[in-house]
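Down below is the structure, laid out as structure tokens.
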Amino acid sequence: MPEMIEFELNGVLQRVDEDPTTPLLWILRDTLGLTGTKFGCAQGLCGACTVSLDGVTLRSCQLPLSAAQGKAVTTIEGLPSEDPLLRAWTETNVIQCGYCQPGQIMSARSLLDTHPQPSDEQIDVAMQGNICRCGTYPRIRQAIHHAAQIRLEQAETKGEDS
Amino acid sequence: MTITRRSFLIGTGVVGGGLLIGFQLKDEAPFPHTRPESFQPNAWLQITPDGEVIFQLDKAEMGQGVVTSLPTILGEELDFDPQRMRIEMAGVHRGYADPVMRIQITGGSMSVATGWDPLRQAGATARALLIAAAAKTWGVDEAMCRTEDGVVIHKTNGQQLQYGELVATARTLKPPTKVGLKEEEDYRWVGKSLLRTDGVAKCRGQALFGMDVGLDGSLPGLLTAVVVRCPHFGGKVESYSDTTALAFPGVVDIFEIHSGIAVVAHGYWKARKAAEALEVTWDKGPLAGVDSAEIRRRQELELANGEPSDTSGHGDVSKAFAQASEVLEATYAAPLAHHSTLEPQNCTAIIRPDGAEVWAPTQSPSVLRLIFSHYSEVPQEQVEVHTTFMGGAFGRRGHVDFAAELGAIAKQLLGQPVKLIWSREDDLKHDFYRPATLHKLRAARDKNGAFSAWEHKLVSPSFVETIFPNLGAALPTWVPTKMSRAAGSKAKEWIKGVDPTMSDGAHIPYAIPNLEVGVHHFDIGVPKGFWRSVGHSHNAFVVESFIDELAHEAQEDPVTFRLAALKDHPRHRGVLRRAAKKADWGMPPRGRLQGVAVHESFGSVVAEIAEVSISGTDFQVERVVCVVDCGFVINPDLVKQQIEGAVLYGLSAALMDPITIQDGALVQSNFHDAPVLRIHQAPSIEVYLMDSHAPPSGVGEIGLPPIAPAVANALFHVTRQRLRELPLRLAQGSP
Ligand code: FES
Ligand code: FES
């Protein structure tokens with residue numbers, strides 16, 4: 001039975017009247033038309049559908065709509081265009097087919113929140129849930145280091161400004 | 001001579017010679033996506049009066065970067081910054097048909113290699129016309145004009161005209177019959193690592209993949225279809241009941257099509273839920289009871305008792321073996337491999353009274369149009385195909401089975417847009433796999449200790465043959481059924497057992513005077529297809545491992561041994577030497593061991609040195625050094641991306657648990673039991689490109705063949721375990 005669910009999506013309040021057991025992935029894509037969150041396996045195995053729910057990184061294919069009630073969801077579309085990860089990804093030429101990359105970036109984002117200067121090992125642990133069939137893994141490592149650097153510089157300039 | 005997939009298709013007349021006539025429509029507009037008043041001197045390029053330069057991308061962008069590399073080639077000769085061009089997906093048009101194959105296809109690592117000449121010509125011709133237009137406007141000789149990034153400049157008085165301003169005049173001029181091309185030293189964009197132009201959109205989730213079509217509201221009322229297929233290869237529906245499923249919320253329709261039961265609903269989740277409630281009884285089909293072990297057993301029988309369907313080589317192998325003082329023998333095997341593009345197969349279409357539109361992530365848009373037309377019964381002339389970005393392809397999207405299904409589905413839903421979505425499980429269980437192959441190798445040494453003969457018998461189904469089940473259906477509907485059937489079976493006969501892609505990479509470059517490659521054609525009916533690097537993927541594993549065995553037998557260093565036996569192959573020697581140097585061959589860091597392999601494919605040569613560490617029976621590939629000779633390089637960083645990607649794709653198949661067959665069906669279903677390489681298993685990769693002025697050769701697949709043997713050879717050097725079967729597994733008791 002459909003049910004009215006309310007949550008914040010990329011800073012904007014959303015109300016959807018859908019079966020609350022529907023995975024959030026399909027609500028984002030089919031109901032709300034946000035295509036950055038990708039479908040790869042529907043079993044929580046590939047990471048293509050990674051989003052953040054109240055700051056916690058989750059696989060949206062495993063998350064029933066009801067779990068979003070009253071919470072804040074961030075998808076790749078919610079990242080500001082000057083986000084260090086987006087810049088690092090482009091400058092490192094990470095992208096091949098690109099299908100996995102929104103999910104990779106969402107996972108990397110939560111890694112940098114907990115480990116602002118991650119080691120290769122920490123990257124490998126944090127990013128294990130995200131599959132890339134095009135083999136961009138070595139560049140993802142590079143890009144995460146690069147993004148960490150950009151964040152640091154941004155923080156320093158901010159510090160100087162104030 | 002090595003026969004390529006491409007020349008083979010041409011040689012048999014399968015394409016080009018007439019069988020596929022009808023692929024290209026006679027009454028198409030001269031060029032696609034034409035804007036009024038624009039200057040469109042060829043199928044790729046268009047310049048609008050307000051100066052927009054538009055490139056029609058005719059090749060599939062599946063990750064390999066043609067979206068950046070092809071415009072660069074044209075832009076260089078046009079003298080216009082490729083990164084300022086607007087790139088559009090071209091769809092199907094005869095202007096893009098391969099000049100020889102006559103179909104529009106992306107594969108065989110050929111896009112840049114075959115595009116290099118025509119795209120340069122196209123750019124240069126357009127530039128010549130723009131110069132002529134400027135000269136005419138100013139009333140001066142063309143020699144008085146030069147260009148600079150989108151502007152024609154008067155050499156003496158410095159007057160300038162933008163390309164856009166010249167469009168009206170350029171349109172009226174006759175193209176010159178001959179144009180000069182730039183010298184390499186004058187290149188401004190070619191040869192530089194321009195960043196990918198699709199990077200930002202893809203990072204932000206804004207690029208349009210097949211999966212995304214219509215979700216932005218551009219196809220109001222878009223429905224989703226899923227198909228429940230028989231899990232057993234070649235099986236079919238015996239009976240089904242949809243009473244429960246039909247009652248599920250959001251279900252629009254349920255009906256049977258050629259490949260199974262289609263469930264159509266509002267959105268994927270509703271369609272999937274209803275599909276799970278279907279009750280279907282399957283006729284298991286011809287492979288019921290067959291499993292992987294049985295397939296292996298029958299391959300062994302074929303190798304032991306069967307006759308090769310095709311033999312090639314040089315010298316007299318039997319004589320050399322008769323006179324041998326020592327014979328080495330080994331059996332190698334490679335298992336089935338799955339493509340698992342991260343974006344599962346999908347396709348979107350709408351049939352309107354005046355024709356159909358199809359959006360497809362496909363490597364093969366012209367064949368797709370034909371197949372869709374056949375199944376939807378919409379004449380080809382009225383089917384417009386839009387190619388989308390695609391989440392990987394690796395050969396899988398050269399097959400258009402999903403378009404056949406969608407044609408059959410859309411036919412029942414006239415006027416309603418519908419997207420067919422395969423689940424990950426569908427995608428894995430109904431792939432066109434790299435087939436399992438079995439190989440028997442023998443080498444002879446003469447009384448002086450020199451290797452005098454090499455014999456390689458392999459058993460494999462034909463790859464090329466796989467396109468023929470489609471072919472009967474693929475012929476235009478106006479071809480009478482009987483004739484199209486005849487064409488299909490004739491083609492099958494031609495290639496029966498003499499498909500050279502089966503032995504791709506088995507004809508070793510090493511100086512061994514007598515060589516024989518015997519191909520045993522054996523096909524049990526498991527779907528098979530082109531998988532990144534095709535025959536090279538398993539043949540390189542076999543021959544580059546066995547040559548290592550020979551080096552060991554001769555008690556020589558694997559690199560030195562290869563170099564000596566490659567005396568007539570300077571490109572092989574070049575990459576091998578440089579790889580040895582870059583990887584500090586023979587002096588690996590503590591706790592690591594090295595293995596080497598070198599292989600030629602798609603006109604390019606690649607050497608790889610893998611560094612591996614071992615603990616017990618576990619091992620980790622830590623570092624891979626690759627040296628690549630792929631002719632002249634258009635965009636070095638794009639080449640490096642492709643080599644990195646191919647190494648990891650090959651490593652995934654070389655290391656991860658294989659997929660298997662039971663009762664004529666694939667056992668595995670998703671990434672938990674059909675694992676693929678993840679980031680912690682990925683080595684660091686260094687890629688070095690040889691400086692070459694030869695025409696560009698293949699790139700997209702060439703990095704794959706050497707990786708499995710390089711790793712296997714590294715493992716041998718410390719454990720003395722010769723791993724002759726993929727995936728690579730160390731046995732207990734290694735030192
Ligand atoms: S689609 Fe959610 S993890 Fe793969
Ligand atoms: S870039 Fe293609 S799957 Fe990651």
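Assorted remarks:
- The range A:32-46, subset within 7 Å of another protein chain (Cβ to nearest Cβ) and open to solvent by 10 Å² or more (accessible area, probe 1.4 Å), residue farthest from ligand 1 (Cβ to nearest atom): A:Gly33
Residue by residue, here is whether (1) of a type outside the set (Val, Ile, Thr); (2) under 24 Å from B:Ala393 (Cα atoms); (3) within 16 Å of the chain's Cα centre (by Cα) holds:
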residue	(1), (2), (3)
A:Ser110	yes, no, yes
A:Asp113	yes, no, yes
A:Pro116	yes, no, no
A:Ser119	yes, no, no
A:Gly129	yes, yes, yes
A:Arg139	yes, yes, no
A:Ile144	no, no, yes
A:Ala155	yes, no, no
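- Pick from the range B:182-199, criterion open to solvent by 50 Å² or more (accessible area, probe 1.4 Å) and either closer than 18 Å to B:Gln64 by Cβ or in a loop (DSSP other than H, G, I, E, B) (or both), ranking: nearest to the other protein chains (Cβ to nearest Cβ): B:Leu195
- Residue within the range B:267-275 that is charged (D, E, K, R), assigned to a helix (DSSP H, G or I), over 30 Å from B:Thr68 (Cα atoms) and open to solvent by 60 Å² or more (accessible area, probe 1.4 Å) present: yes
- Test: residue in the range B:81-95 that is assigned to a loop (DSSP other than H, G, I, E, B), open to solvent by 10 Å² or more (accessible area, probe 1.4 Å) and basic (Lys, Arg): no
- Just one of (1) open to solvent by 10 Å² or more (accessible area, probe 1.4 Å); (2) more than 16 Å from B:Arg272 (Cβ to Cβ) fails for A:Thr21. It is (2).
- Test: residue in the range B:639-649 that is away from ligand 2 (no atom under 16 Å from the Cβ) and either assigned to a loop (DSSP other than H, G, I, E, B) or open to solvent by 30 Å² or more (accessible area, probe 1.4 Å) (or both): no
- Within the range A:1-11, none of the residues are at the interface with chain B (Cβ under 7 Å from one of its Cβ atoms) and in contact with a Leu (Cβ under 9 Å, 6 or more places away or on another chain).
- Restricting B:Pro286, B:Pro220 to those that are within 29 Å of A:Thr74 (Cβ to Cβ), assigned to a loop (DSSP other than H, G, I, E, B) and open to solvent by 30 Å² or more (accessible area, probe 1.4 Å) reduces the list to B:Pro220.
- One residue from B:Gly415, B:Gly392 being at positive phi and surrounded by 23 or more Cβ atoms within 10 Å (Cβ to Cβ): B:Gly392
- Cβ pairs under 7 Å, 6+ apart, first in the range A:29-52 and at positive phi, second β-branched (Val, Ile, Thr) and within 16 Å of ligand 2 (Cβ to nearest atom): A:Gly47/A:Ile131
- Comparison of B:Ile350, B:Ile295 shows that the only residue that is more than 16 Å from ligand 1 (Cβ to nearest atom) and either aromatic (Phe, Trp, Tyr) or within 30 Å of B:Val92 (Cα to Cα) (or both) is B:Ile350.
- Tally of residues being surrounded by fewer than 17 Cβ atoms within 10 Å (Cβ to Cβ) and either in contact with a Leu (Cβ under 9 Å, 6 or more places away or on another chain) or in a helix (DSSP H, G or I) (or both) across the range B:296-311: 7
- One residue from B:Lys236, B:Lys174 being out of contact with any Gly (no Cβ under 8 Å at 6 or more places or on another chain) and either touching a residue at least 24 places away in the same chain (Cβ under 8 Å) or open to solvent by 40 Å² or more (accessible area, probe 1.4 Å) (or both): B:Lys174
- The set of residues from the range B:701-735 being outside any loop (DSSP other than H, G, I, E, B), of a type in the set (A, V, I, L, M) and modelled with pLDDT under 95 comprises just one member, B:Val718.
- Scanning the range B:541-552 for residues being more than 13 Å from B:Arg445 (Cβ to Cβ) and touching a helix residue (DSSP H, G or I) at 6+ places or on another chain (Cβ under 6 Å) gives a total of 4.
- Matching residues, the range B:55-74, being within 13 Å of chain A (Cβ to nearest Cβ) and either open to solvent by 10 Å² or more (accessible area, probe 1.4 Å) or not in a loop (DSSP other than H, G, I, E, B) (or both): B:Met62, B:Gln64, B:Val66, B:Val67, B:Thr68, B:Ser69
- Cβ-Cβ distances below 9 Å connect the following pairs, each with a first residue in the range B:199-219 that is without any contact (Cβ under 8 Å) to a residue 60 or more places away in the chain and at positive phi, a second residue that is open to solvent by 10 Å² or more (accessible area, probe 1.4 Å) and in a loop (DSSP other than H, G, I, E, B), and a separation of six or more residues or different chains: B:Gly205/A:Leu34; B:Gly205/A:Thr35; B:Gly217/A:Gly33.
- Among the residues of the range B:588-610, those that are surrounded by 24 or more Cβ atoms within 10 Å (Cβ to Cβ) and of a type in the set (A, V, I, L, M) comprise B:Val596, B:Ala597, B:Val598, B:Val605, B:Val606, B:Ala607, B:Ile609, B:Ala610.
- The strands (runs of 3 or more DSSP E) falling completely within the range B:313-400 that include 2 or more residues that are in contact with a strand residue (DSSP E or B) (Cβ under 7 Å, 6 or more places away or on another chain) and farther than 30 Å from B:Ala506 by Cα map to B:346-352, B:355-360, B:383-387.
- B:His386 meets each of the listed conditions (1) touching a residue at least 40 places away in the same chain (Cβ under 8 Å); (2) more than 19 Å from B:Arg94 (Cα to Cα); (3) open to solvent by 10 Å² or more (accessible area, probe 1.4 Å) apart from (2).
- Residue that is nearest to B:Leu666 (Cα to Cα) [pool: residues in the range B:208-246 that are among the β-branched types (Val, Ile, Thr) and within 10 Å of another protein chain (Cβ to nearest Cβ)]: B:Thr224
- Considering residues of the range B:665-721 that are open to solvent by 10 Å² or more (accessible area, probe 1.4 Å), among the β-branched types (Val, Ile, Thr) and within 14 Å of chain A (Cβ to nearest Cβ) only, the residue nearest to A:Asp120 (Cα to Cα): B:Ile685
- Residue within the range B:623-630 that is at pLDDT 95 or above, part of a loop (DSSP other than H, G, I, E, B) and over 28 Å from B:Ser292 (Cα atoms) present: yes
- Filter result for B:Thr156 (within 22 Å of B:Gly51 (Cα to Cα) and of a type outside the set (Asp, Glu)): no
The values are calculated or read from the model by the stated rules, or taken from the named source; none is laboratory data. In this text, all values refer to a predicted model and were calculated from it rather than measured experimentally. Here the Cβ is made from the backbone with ideal geometry for all residues, glycine too, and neighbour counts use every protein chain on show. These accessible areas exclude ligands, DNA and RNA; they are computed on the full protein's heavy atoms, side chains included. Shrake-Rupley method; radii C 1.70, N 1.55, O 1.52, S 1.80 Å.
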